[in-house]
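The structure appears below as structure tokens.
Only the coordinates and a few stated rules stand behind these numbers; no lab work does. Note that the structure is predicted; figures quoted are calculated from it, not measured. Cβ sites come from the backbone with ideal geometry, for glycine too, and all protein chains shown count toward neighbours.
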Amino acid sequence: MEHKMRAAKDFAKELVQNETPRMRWNGTEDPVRRQTESREKLASLLGMDRFEPCPLNVRVEFERPWSGHTETRFTFESETGWTVPCHMLTPKGTPKGVMICLQGHSTGMHNSLNRKLYDGDEDAQSGDRGFAVQAADRGYIAVALEQRAFGECGGTPRPDCYHAAMMSLMVGRTLLGQRIRDVKRAIETLKTHFGFAYLPYYCMGNSGGGTATVYAAALLEELAGAMPSCSVCTWEKSIANTVHCACNYVPGIARYFDMGDIAALIAPRPYVQVNGKDDEIFLLDGAKDAFNEAKRVYEALGAADKCRLVVGGGGHRFYAADAWPVFEELTMNN
Ligand SMILES: [Zn+2]
């Protein structure tokens, strides 16, 4: 009888689904010690040891009024040879904190400012993606940071991750790890150059920006909280379920972590996980499973009230009216 051949992608999906995350907290050991060990492992998988340190070399390019706030355009160096552009909105009055705003796959960070540069930006900006304006309107210093392979850091108006992600793997890096590096160095810049060392730092983003948000908050303890949207979900119900952009794949990740285990590294800091009821890329049942995995660790640390799942009534987008009040409630005493 003829043997029916399988598609390799189906076999690979089965491999991912059958993997046991080896760094998952087992419910009995010291959860804090496990977090420390997990951060080390995660940093190693992301290639966080591959960066050559350099001075920040901050350059302020302009300052002007924007949307009722002060807009400052600046750049800093994240590692030798790599410059990151940012737009910062500073609200009037005493700021509540600093919010790092990360767009997903789009034409770039200007979408966080509701600024139209390219045809189709209206579509990108629908779905509450003007994160920086929202944050500044709510009293946060908002920093829209251009992530690698997007916008000004992509070489083209369209997101261009594939080749950058694959070549990074050749030298033991990941595109995601490099994005986390840029967030870390942005925080250093804001603390040391702009004098905001006294404020709490947060991170938010949707889709690819949410993925960077959850990894950044897991690794960077200088972040006091995180609000990733439409990005946290089990591998089975997201990355392994349908073809995703190359920037999502971290070598070896499923052997050690599912995404909920990564979110668990944010505990006990405020964590608002936003998902869309009808999101077809990050399925809601997988999102709930991932959230519950993280919540186990929040409970173990006596911080069950510091993590919340917000489910918006639609698809793959951010839900500002649902999410912001929860974020402000959870971070009220920060
Ligand atoms: Zn990508």
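Data overview
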item	result
Two-site label geometry, residue 255 and residue 80: point separation in nm, points 7 Å out along Cα→Cβ	3.0
Counting DSSP beta bridges with both ends in the chain, the antiparallel % (nearest 5)	45
Calculated FRET efficiency for the pair residue 28/residue 158, C-beta based, R₀ 51 Å, to 0.05	0.60
Taking 262, 187, 281 and counting other C-beta atoms within 10 Å, the order from fewest to most	281, 187, 262
Helix-only CD estimate at 222 nm, as mean residue ellipticity for the chain, using -39500 (n - 2.57) per DSSP H run (n ≥ 4)	-10500 deg cm²/dmol
Cα-projected label distance for residue 117 with residue 15, points at 7 Å along beta-carbon direction, nm	3.8
Fluctuation leader among 61, 79, 146 - the chain, Gaussian network, Cα springs under 10 angstrom	61
Cut-off 16 Å (backbone N to label point 7 Å along Cα→Cβ of residue 52), residues of segment 167-197	171-173
Most mobile of 33, 158, 255 in a GNM of the chain (Cα contacts under 10 Å)	33
Alpha-carbon centroids, segment 75-140 and segment 51-67: separation in whole Å	14
For the chain, built as a Gaussian network whose Cα springs stay under 10 Å, the top-fluctuating residue of 11, 150, 51	11
Mean separation of Cα contacts under 8 Å, 6 or more apart, over the residue count of segment 237-311: relative contact order %	40
Relative contact order [Cα under 8 Å, 6+ residues apart], the chain, whole percent	17
Extended-chain gain in nm, criterion 0.36 nm per residue less alpha-carbon gap, residue 3 and residue 334	113.0 nm
log₁₀ of I(q)/I(0) at q = 0.09, 0.10 Å⁻¹ - the chain, Debye sum with one point per alpha carbon	-0.43, -0.54
Förster radius 51 Å - calculated FRET efficiency between residue 191 and residue 311 (Cβ-Cβ, nearest 0.05)	0.90
Free-standing Cys residues across the chain, given no other cysteine C-beta under 4.7 angstrom	54, 86, 101, 153, 203, 230, 233, 245, 307
Segment 189-268 versus segment 1-49: alpha-carbon centroid distance in Å	16
Segment 93-104 - phi-based ³J(HN,Hα) in whole Hz, Karplus 6.51/-1.76/1.60, Gly and Pro as x	x, 7, x, 7, x, 10, 10, 7, 10, 10, 6, x
For segment 280-314 and segment 154-174, distance of Cα centres in Å	30
Inter-site label distance for residue 40 and residue 292 at 7 Å from Cα along Cβ, in nm	3.2
5 angstrom amide H check on residue 312, placed H, neighbours 5+ away	275, 276, 277
